[in-house]
Each structure stands twice: as C-alpha cells, then as structure tokens.
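Values quoted throughout were computed directly from the atomic coordinates according to the rules given, and no laboratory measurement underlies them. On a predicted model such as this, the values are computed, not experimentally measured, just so you know. Glycine gets a Cβ as well: all are built from the backbone with ideal geometry, and neighbour counts include every protein chain shown.
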Amino acid sequence: MRAPHPDDFTSRLRSPAVAARVGVWLGACFLICFATGLVSHWAQLPAPAIPFPTRPAWGYRVTQGLHVVTGCAAVPLMLVKLWAVYPRLFERVDLRAGRQALLVGLERASIGVLVAAAIFQLATGLANAAQWYPWSSFSFRTAHYALAWVAIGALVLHVAVKLPMIRAALGADVDDEALDRPGALRAGAVSRRALLRGTWAAAGIAVLATAGGTVPWLRQVSVLAVRTGEGPGGVPINKTAAAAGVLDTATDRGWALDVRVDGSVAARLTLADLRALPQHTVDLPIACVEGWSAQGRWSGVRVRDVVAAAGAAGGADVVVTSLQESGPFTRTVLPAAFVEDERTLLALDLAGEPLDLDHGFPVRVIAPNRPGVLQTKWVASLEVTT
Amino acid sequence: MSAARWLLGGLGVLLGAYGAWLALTRQDTGQLLEIAVWLAAGVVLHDVVVAGVVLAGVVLGRRVLPRPWHAPATLALVVWGGVTLMAVPVLGRFGARPDNPTLLDRPYLGTWIALSVVTLAAVATAGAVRARRGRDT
C-alpha cells in the first residue's frame with residue numbers, strides 16, 4: 001500500500017473556492033473568540049494596568065456569550081474547511097529544491113501549528129463550557145490563553161502566506177476551476193453553492209442550539225445548551241455549597257462578616273447588622289466564563305457602605321475572601337472602581353428571597369460587568385488597605 | 001511577496017511566539033507535556049479518525065445509496081456531523097454533578113436521537129422526491 005497522493009482526492013468540492021469562503025467565516029469566528037477572550041482575561045487580572053470598566057453592566061455577558069457561541073459555530077466551519085484542504089496534507093515536499101523546500105516545509109509546519117492549536121482551543125473550550133475537565137495536569141486558563149496567541153499568530157501567518165490565493169478565490173465565481181488542483185476533476189454529490197449553504201446551516205444550527213445559555217428568548221430553542229437557565233431565584237448554579245465544602249461554615253449561626261482595615265478587624269457584622277444597614281436592589285446579570293448568563297434582582301448592602309461603616313476611606317481596592325477554603329477564586333480583588341460603584345452589593349436576597357445556600361448564603365458579591373468567578377459567594381471577610 | 005504580506009506574516013510569528021513563551025514560562029514540564037499530547041492528539045483525531053471515518057462513510061454511501069440520495073445524504077452529513085461533534089461534551093454529560101441539578105439539565109441524548117431521526121427522514125424524503133423527478137444529480 002502506498003501513501004495517499006493529493007490526486008487521489010478527485011472531488012471538485014475540495015477546492016480553494018470552498019476553502020476560502022468557509023475560511024473567511026472561520027477566521028472571523030477565531031478573531032471574535034480571540035478578542036472576547038482577551039476581554040475575559042483582562043477582566044480576571046487581579047491588578048490590571050488599565051482598570052476594567054464597570055459599565056455597561058451587561059458588557060461581560062455579551063463578550064463572553066459571543067466567545068462561547070462563536071466557538072460552537074467554529075466546529076462545523078472548521079470541519080468543512082479542513083475537509084476542503086485535506087488532500088494538501090499529502091503533498092510531497094521536493095527536498096532537492098533547496099531554499100524553496102525550506103520555505104514550503106516552514107509553511108507546512110505553520111499549518112500544523114495552526115490546526116493543532118485551533119483544535120486544542122475548540123476542544124478544551126467546549127469541554128470547559130460543559131464543566132468537563134478531561135485533562136489531568138495543565139491549567140485550563142493558562143493553556144487556553146497561551147494557545148489562543150499561538151492559534152491567532154499561526155492564523156495571521158497563514159492568511160499572509162495565502163493572501164493572493166484567497167483574493168483570487170474570492171474574486172472568482174464559486175464554480176471557477178482555474179485554482180483547482182489538477183486531480184480535482186470529479187463533480188461532487190452536491191454543488192459548491194449547496195455545500196456552502198449546508199455549512200452555513202450547520203454553523204447556524206450550532207449557534208441556535210447553544211446561544212440560549214445566554215440569550216433568554218432562545219432558551220426554548222437551544223436544546224444543546226449546557227443549562228436550561230433554571231435555578232433558585234431563576235439563576236443557575238456553577239458551584240454548589242457542597243462542592244465548595246462550605247455547608248457547615250455558611251450555615252453556622254455564629255457567622256459574621258469581618259471587615260479588616262490595614263490588617264486589623266475594624267468591624268464584625270452579623271447578618272442582622274447587615275440587614276440593619278440601608279438596603280438597595282439592583283438588576284444585574286451573573287455572566288460566567290462558561291458563556292452562560294442570567295439576570296437577577298439582587299438586594300443587599302452596598303460594598304462602599306460596608307467599607308465606610310468600618311471607618312475606611314473610599315478609593316481603595318477591597319480583597320474579598322470566601323468561606324471556601326481551596327480553589328483559585330477564594331480570594332479575589334474587587335478593584336476600587338467596582339467598590340465605589342453604587343450597584344456593587346453584598347447581596348443578601350435574590351428575587352425577593354434570602355440567598356440560596358448554593359448562591360452564596362449568607363452574603364455574596366454582585367457587581368456590574370464582572371466574570372461570574374469573581375462574584376465571590378459565601379463571603380467571609382473584606383479587607384481594605386488604605 | 002509584497003512588503004505588507006511579509007509584515008503580516010512577521011506579526012503572526014510574533015503573536016505565536018508570545019503564546020509559546022506564555023505556555024513555556026507558566027506551566028511546568030509535566031503540564032507542558034500534557035499540552036503537547038493534547039495538541040498532537042487533536043491533529044491525529046481529526047486527520048486520521050474523523051477524516052478516515054468521513055472518507056469511509058462517503059465511499060460506503062456512494063456504493064450503497066442510489067444516486068438521488070447522494071446529495072441529501074452529503075448535506076445531512078455536513079449538518080448532522082458538525083453539530084454532533086460540537087455537542088459531544090453535553091451528549092456525554094461528562095461534567096454532570098449529582099449536587100448540581102442546574103447543570104447539564106436538558107435531555108441531550110433524546111434530543112440528539114430525535115435530531116438524527118429527523119435528519120434520516122429528511123434524507124429519505126428528499127432522495128425519494130429526487131428519484132421520482134428523475135433527477136440524478
């Protein structure tokens with residue numbers, strides 16, 4: 001048996017005409033994923049050089065929803081794109097061609113990097129969105145962030161290399177054969193136009209089947225979304241009190257919120273103390289890195305009021321510590337801009353009911369335009385350093 | 001190659017190198033090894049397994065299915081295959097946790113079976129219509 005040769009793939013559908021057209025949309029998906037991913041990374045930095053904005057409140061909900069939905073749409077697009085160019089995988093490099101062979105080899109290597117990084121991003125992203133972590137050692141956040149740069153870099157290089165071919169393919173009629181491989185002579189089972197329409201349909205269905213996780217009016221349609229959007233107070237739960245190991249500490253009658261100022265406890269506020277402070281109600285979304293989001297009506301005390309009640313001056317970051325003892329988000333920094341925002345609450349109620357244990361009872365942070373992982377639940381203490 | 005393309009290509013190399021540097025400096029050797037395994041496995045999974053299954057399926061389909069069914073079956077494969085692969089994490093419900101009923105709380109497998117049946121029915125119907133019309137493409 002000999003190795004396959006590009007001419008073994010005879011379908012006219014496997015053409016630059018199809019690859020370029022699908023590639024435009026796939027590239028757009030990757031660019032959106034990259035840009036929104038950078039926003040998410042920025043939002044999670046503990047001390048960003050440029051402060052993350054507190055407005056609009058729905059900003060992170062939109063960017064992260066887009067991130068996950070475009071990632072879903074990219075799956076069928078990438079499958080068709082790779083199918084269209086698959087014969088080129090078997091092209092031989094003529095090693096006698098010297099410098100030319102080196103360039104071709106480098107280009108092939110860059111395609112390998114692009115495909116490997118792109119598949120890695122989609123596979124790990126989709127798994128993470130469904131709270132499935134089939135890897136054992138690497139950090140999803142670090143790996144997904146680093147490989148995003150690799151994927152986008154390889155994509156930019158790929159576009160630079162292929163630019164004349166892309167322009168020629170997009171400039172010509174979809175059925176034009178001038179750019180086809182010499183072996184691509186057999187008519188496909190469908191026309192190129194039909195294949196492209198099928199591809200757009202697949203990407204469209206992928207979007208509709210998942211976008212309801214963040215677009216409320218699509219909930220009934222999104223049959224493959226990770227969540228229905230149901231949950232206590234109309235808000236789903238990412239991590240339960242049981243999973244966080246706070247069942248005892250969060251329900252302890254002796255619970256009180258420690259407010260530390262410059263290292264020493266300046267105030268200890270029981271649940272009754274917190275209820276005695278001025279109460280405020282805000283409509284804010286919980287928007288998770290997994291791409292789902294839900295609007296909630298939260299009531300409680302303003303974080304800035306609590307800080308002031310402890311006698312601390314405003315304008316400083318606040319470190320929020322959870323009762324949860326392990327995990328990367330047990331201690332988070334609430335930047336000064338969020339502390340000062342009147343919509344940032346230590347929430348006691350959701351939808352008019354006391355907070356569910358799984359939503360962070362006795363109190364949780366709810367702030368505008370923040371990733372869900374930073375909306376700390378089961379708050380144990382606030383620390384202000386002035 | 002024009003200067004603009006060289007510039008764009010250079011930018012791509014820089015972006016990619018930054019990503020490689022991020023990975024190499026923020027993960028230890030064991031973690032990097034697992035990332036490398038995942039990167040390689042993704043390529044093998046597509047280039048050998050997925051591509052191989054599709055190739056075999058197309059060869060089989062061309063032999064087994066009468067001509068009028070070829071076009072609908074091809075389009076069905078594109079839509080059904082892409083959506084199915086995307087849905088693997090929810091279909092397997094691998095991330096489900098007994099303590100969290102708000103997670104993976106839809107009947108994914110039933111939906112997928114229904115989707116598959118509808119797709120098959122659509123292919124069968126479209127092929128039959130084409131056969132009756134006497135079209136062979």
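Structure notes:
- Tilt relative to chain A, helix A:59-85 - C-alpha long axis, 0 to 90 degrees, to 10: 20 degrees
- Here the contact order of segment A:234-385, divided by its residue count and restricted to Cα pairs under 8 Å and six or more residues apart, works out to 30 percent.
- Per residue of A:236-242, other chain Cβ atoms within 10 Å of the residue Cβ number 4 on average.
- Among B:PRO72, B:THR111, B:ALA131 the positive-end extreme of the charge dipole of segment B:65-137 (Cβ point charges): B:ALA131
- Amide H contacts under 5 Å for A:LEU355, placed H, 5+ residues apart: A:ASP349, A:LEU350
- Peptides B:95-102, A:219-226 ordered by packing proxy, namely the average of other Cβ atoms within 10 Å per residue, highest first: A:219-226, B:95-102.
- Computed 3J(HN,Hα) for segment A:355-366, one whole-Hz value per residue from the Karplus formula 6.51 cos²θ - 1.76 cosθ + 1.60 where θ = phi - 60°, is 3, 5, 4, 6, 8, x, 3, x, 9, 9, 7, 9, glycine and proline marked x.
- Long-range HN-HN contacts of A:LEU284 with modeled amide H, under 5 Å: A:GLY296, A:TRP298
- Karplus-derived 3J(HN,Hα), 6.51/-1.76/1.60, for each residue of segment B:106-122, Hz, glycine and proline x: 10, x, 4, 5, x, 4, 5, 5, 4, 4, 5, 5, 4, 4, 4, 5, 5
- Count Lys and Arg as plus one, Asp and Glu as minus one, and take only other residues whose Cβ is under 10 Å from that of A:ARG304; the net charge is then -3.
- Amide H contacts for A:VAL289 (H built 1.01 Å from N in the peptide plane; partners 5 or more residues away or on another chain; cut-off under 5 Å): A:GLY372, A:VAL373.
- Relative contact order of chain B, defined on C-alpha pairs under 8 angstrom at six or more residues apart (%): 30 percent
- Were the residues from B:ALA122 through B:LEU24 laid out at 0.36 nm apart, the gain over their Cα-Cα distance would be 30.3 nm.
- Of A:ALA118, A:ALA20, A:ALA109, the residue with the greatest mean-square motion in the GNM of chain A, using alpha carbon springs below 10 Å, is A:ALA109.
- Divided by 2.2 N^0.38 Å, where N counts the residues, the Cα radius of gyration of the protein assembly as shown comes to 1.11.
- Helix A:192-210 and the longest principal axis of the C-alpha atoms of chain A enclose an angle of approximately 10°.
- Peptides A:8-18, A:134-144 ranked from most to least packed give A:8-18, A:134-144, packing being the mean of other C-beta atoms within 10 angstrom over each peptide's residues.
- Cα-based shape type of segment A:234-385, given that a ≥ b ≥ c are square roots of the gyration tensor eigenvalues and the cut on a/c is 1.5: rounded
- Rounded to the nearest 500, the helix-only mean residue ellipticity at 222 nm of the protein assembly as shown stands at -17000 deg cm²/dmol, with each DSSP H run of n ≥ 4 adding -39,500 (n - 2.57).
- Under Karplus coefficients 6.51, -1.76 and 1.60, residue-wise ³J(HN,Hα) of segment A:45-50 in Hz, glycine/proline x: 5, x, 9, x, 4, 9
- Sorting the Cα pairs of segment B:61-137 by distance into bins of 10 Å, from 0 upward, gives 18, 37, 22, 15, 7, 1 percent per bin.
- For segment B:24-63, the average shadow cast by the Cα convex hull is 2.8 nm², which is a quarter of the hull's surface.
- Relative contact order, percent, segment B:65-137 [alpha-carbon distance under 8 Å, six or more residues apart]: 60 percent
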